[in-house]
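Remarks on the structure that follows.
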Amino acid sequence: MTKATMNQKIRIGTRGSQLALWQANETRRRLTAAGYDPEIVTVKTTGDKRHDVSLATIGGKGLFIKELEEALERGEIDVAVHSLKDVPSIIPDHFVLSGFLERADPRDAWVHVDGKSIAEMPAGAVIGTSAPRRRAQLMQLFPHLRIEDIRGNVDTRINKAREGQYAGIILASAGLTRLGRAGEITSWFSVSEMLPAAGQGIVALECLASNEWVQEAARAIAHEPSGVAARAERGVLQKFGERLDCYSAVAVHCSADDGGTLTIGAFMSDYEGTRAIRASRSGSDAAEVTNAVYDELVAQGAEELLCATRKM
């Protein structure tokens, strides 16, 4: 890379939420430390403007991504910064996820304003979450609770709980920690209790496939172990092609031990959590483990589950 290219400004596109801005600022900090000249460009998305309706009804989390991708296509930004769990498993060929920042705690967190555990919640207590895979797993763990959709940023959601609209809420531990709100966490769900979304806790850098110098910049600040997990988790989802959507209750998580052995766990369910399947495989070759997990899911009826969900 030439010095002239290093000095070329890199425009980082981001949504305007607190968490999105944290991610963009962390990306800028890392790029600056690597010798680049980055600046942040805030893009207002439809998903940020519409808190009055369910996210699924206006296009799901992919809506946040789509409008940043459009800014990439128009040449208004050079790289888009995303929470990887929000990125659809299949993106158009002219885009590429060229780097992943180091993963934060991937677990889900239980937030109760008075510090009570979720096990203490009485029958019919209203629990707020926006994710179908959380809803399905909660229905299996605590079938006596009422699970309802919740929208808004972290502050909005916590305020709704404080106002008594919800007995408690489920949020990603990574987001709370990055915003300095870890003190709000009452407890954490283990990965075995509540399998995280694919990519949860990982920041992804997306750019045009034709923009090689920005790809090189993204790779310069990437965390490869997080990249291995990201590609493996998304790899399981990608096996299902375009059949997954914002209503799909699916979770995938990849971990690695000190010896390099990967373990990929996956969960799929119908929306209400009345029928669920789980798969787990370990090995040293990410592609082989990914394929094995997919095959196990299919053997347990994943295709039928997806068909049932899409008929909702």
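The values are calculated or read from the model by the stated rules, or taken from the named source; none is laboratory data. Note that this is a predicted model, so its numbers are computed, not measured. We place every Cβ from the backbone using ideal geometry, glycine too, and count neighbours over all the protein chains shown. Side chains are part of the model used for accessible areas, which takes the heavy atoms of the whole protein and leaves out ligands, DNA and RNA. Shrake-Rupley method; radii C 1.70, N 1.55, O 1.52, S 1.80 Å.
For the chain, modelled as a Gaussian network with Cα springs under 10 Å, which listed residue fluctuates most, 182, 232, 33?
Checking each option, the largest mean-square fluctuation is seen for 33.
Go through 94, 282, 260 and say which Cα lies farthest out towards the positive end of the charge dipole of the chain; charges sit on Cβ, +1 for Lys and Arg, -1 for Asp and Glu.
94
Give me the percent of DSSP beta bridges within the chain that run antiparallel, rounded to the nearest 5.
70 percent
Given a Förster radius of 35 Å and the C-beta distance between residue 296 and residue 182 as r, what FRET efficiency does 1/(1 + (r/R0)^6) yield to the nearest 0.05?
0.50
Give the carbon-plus-sulfur fraction of the accessible surface of the chain in %, rounded to a whole number; probe 1.4 Å, heavy atoms of protein chains only.
49 percent
Which value, in debye to the nearest 20, gives the size of the charge dipole of the chain about its Cα centre, when Lys and Arg are +1 and Asp and Glu are -1 at the Cβ?
It works out to roughly 640 debye.
Treating the chain as a set of equal point scatterers at the Cα positions, no solvent, please give the Debye-formula log₁₀ I(q)/I(0) at q = 0.14 Å⁻¹.
Normalising to I(0) and taking log10 leaves -1.11.
Modelled label-to-label distance, residue 102 and residue 160, 7 Å Cα→beta-carbon offset: nm?
Calculated label separation equals 3.3 nm.
Projecting each Cα onto the charge dipole of the chain (Lys/Arg +1, Asp/Glu -1 at the beta carbon, about the Cα centre), which of 187, 80, 153 comes out farthest on the positive side?
Comparing the listed Cα positions along the dipole, 153 ranks first.
Using R₀ = 41 Å, calculate the FRET efficiency as 1/(1 + (r/R₀)^6) where r is the Cβ-Cβ separation of residue 307 and residue 25; round to 0.05.
0.45
Please determine, in degrees from 0 to 90 and to the nearest 10, the orientation of helix 286-299 with respect to the longest principal axis defined by the Cα atoms of the chain, where the helix direction is its Cα long axis.
That helix lies at roughly 30 degrees to the long axis.
Using only Cα atoms, find the angle between the long axis of helix 62-73 and the longest principal axis of the chain, and express it within 0 to 90 degrees, rounded to the nearest 10.
10 degrees
Using the per-residue mean of other Cβ atoms lying within 10 Å as a proxy for protection, in what order, highest first, do the peptides 264-274, 218-228 fall?
264-274, 218-228
Let me see the P(r) profile for region 202-312: every Cα-Cα distance counted, bins of 5 Å, each bin given as a percent of all pairs.
It works out to 2, 11, 20, 18, 16, 14, 10, 6, 2, 0, in whole percents.
For 258, 105, give me the order by solvent-accessible area with a 1.4 Å probe, most accessible first, ignoring ligands, DNA and RNA.
Largest accessible area first, the residues go 258, 105.
Report the calculated FRET efficiency for residue 280 and residue 37 (r = Cβ-Cβ distance, R0 = 41 Å), to the nearest 0.05.
Step by step, r from the Cβ atoms, then E = 0.40.
Which cross-chain or sequence-distant (5 or more) residues have an amide H under 5 Å from the amide H of residue 41, H modelled 1.01 Å from N in plane?
Residues meeting the criterion, in which the H sits 1.01 Å from N, are 12, 13, 14.
Highest mean first, how do 149-160, 167-178 rank when packing is the count of other Cβ atoms within 10 Å averaged over residues?
Taking the mean over residues of other Cβ atoms within 10 Å, the ranking is 167-178, 149-160.
Given a 1.4 Å probe, how much area per residue of region 171-286 is accessible, in Å²?
Accessible surface, normalised per residue, equals 40 Å².
Report, in degrees rounded to the nearest 10, the 0 to 90 angle that the Cα long axis of helix 224-238 makes with the longest principal axis of the chain.
That helix lies at roughly 60 degrees to the long axis.
Once amide H atoms are built 1.01 Å from N in the peptide plane, which residues 5 or more positions from residue 249, or in another chain, come under 5 Å H to H?
269
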